[in-house]
1. Chymotrypsin sites (Phe, Trp or Tyr not before Pro), restricted to the stretch 95-155: which are DSSP loop and have at most 15 other Cβ atoms within 10 Å?
2. Roughly speaking, what is the stretch gain from Glu86 to Asp117, that is 0.36 nm per residue apart minus the C-alpha to C-alpha distance, in nm to one decimal?
3. Please identify every one of the trypsin sites (Lys or Arg not before Pro) in the stretch 1-93 that sits in a loop by DSSP and has no more than 16 other beta carbons within 10 Å of its own beta carbon.
4. Which net charge results for the neighbourhood of Ser18, defined as the other residues with beta-carbon distances under 15 angstrom from its beta-carbon, given Lys and Arg at +1 and Asp and Glu at -1?
5. Let me have the 222 nm mean residue ellipticity of the chain computed from DSSP H runs of 4+ only, each contributing -39500 (n - 2.57), with the sum over all residues rounded to the nearest 500.
6. With θ taken as phi - 60° and the coefficients 6.51, -1.76 and 1.60, list the Karplus ³J(HN,Hα) couplings across the stretch 129-138 in order, rounded to whole Hz; mark glycine and proline as x.
7. In debye, nearest 20, what is the charge dipole magnitude of the stretch 12-170 about its Cα centre with +1 on Lys and Arg Cβ and -1 on Asp and Glu Cβ, if you could check?
8. Using the Cα atoms of the chain to build a convex hull, what is its mean projected area in square nanometres?
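Readers should treat all values here as calculations from the given coordinates under stated rules, not as data from a laboratory. For clarity, every value in this text was computed on a predicted model and none was experimentally measured. Cβ sites come from the backbone with ideal geometry, for glycine too, and all protein chains shown count toward neighbours.
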Amino acid sequence: MAIRRILTVPDPLLKTVSKPVEGGVTDAHRALMDDMLETMYDAPGVGLAAIQIGVPLRIIVMDIAPKDAPREPRYFVNPEIVWASEELKSWEEGCLSVPEIYDDVERPARVKLRYLDYHGAVVEEDAEGLFAVCIQHEMDHLEGVVFIDHLSRLKRDSAIRKVRKAQRIEA
Ligand code: NI
C-alpha cells in the first residue's frame, strides 16, 4: 500500500469524467483501492474518489465510522444511484481536494445504490444521513464535479483562491 498525492482545485484532472471498470474487479483494482484507503486515512478524510489521486476510474472508498470506533472501510466500484428521495437535505460538506473549505450543499436525503464491492459482488444498498451525503459527494467526483461547483460562482472562486494561496505558502 502507498500514500498517493491528492489533487486539489483547480487541477483540470478533477473535471475528468471517470470511466467504468470493465471486466470485473481485479487484483490491480484492489491494490488501487488499498492505496486510496491508506491515502484517505492519512489525509484524514471520510471519502475519496480515484480521480482525486489522478486515476479516472469509477471507484470510491469511504469510512464514515465515528472517530473512536473501529475502522469500517467501504469500497464502491461503478456505483449507480437507482433511486433518490424527493426530500432534500442540506449538509455542511468538505473535500480533500478543496482543503479547509466547508459549505452547505443540498442533496436528496436518501438514495438507493447499486455497485460492485471489493470482491466484485453486486450490492444494492439504501443510504441516508452522512452515508447518503458522502456517496453523492464522491459520485459527483466521477462526473468531474467538486462540491464547490454547487455553490455560487463568487463562493467557488473565493474557495479556489484560498486553496491556491494556502498551497503557495506551503510550497
Ligand atoms: Ni470530495
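1. Within the stretch 95-155, the qualifying chymotrypsin sites (Phe, Trp or Tyr not before Pro) (loop, at most 15 other Cβ atoms within 10 Å) are Tyr102.
2. Computed gain between Glu86 and Asp117 is 8.5 nm.
3. Hits after loop and neighbour filter: Arg5, Lys67, Arg71.
4. With Lys, Arg at +1 and Asp, Glu at -1, the net is -3.
5. Result for the chain: -9500 deg cm²/dmol, rounded to the nearest 500.
6. Running phi through 6.51 cos²θ - 1.76 cosθ + 1.60 with θ = phi - 60° gives x, 4, 4, 5, 4, 5, 5, 5, 4, 5 Hz.
7. 700 debye
8. If you wrap the Cα atoms of the chain in a convex hull and average its projections, you get 10.1 nm².
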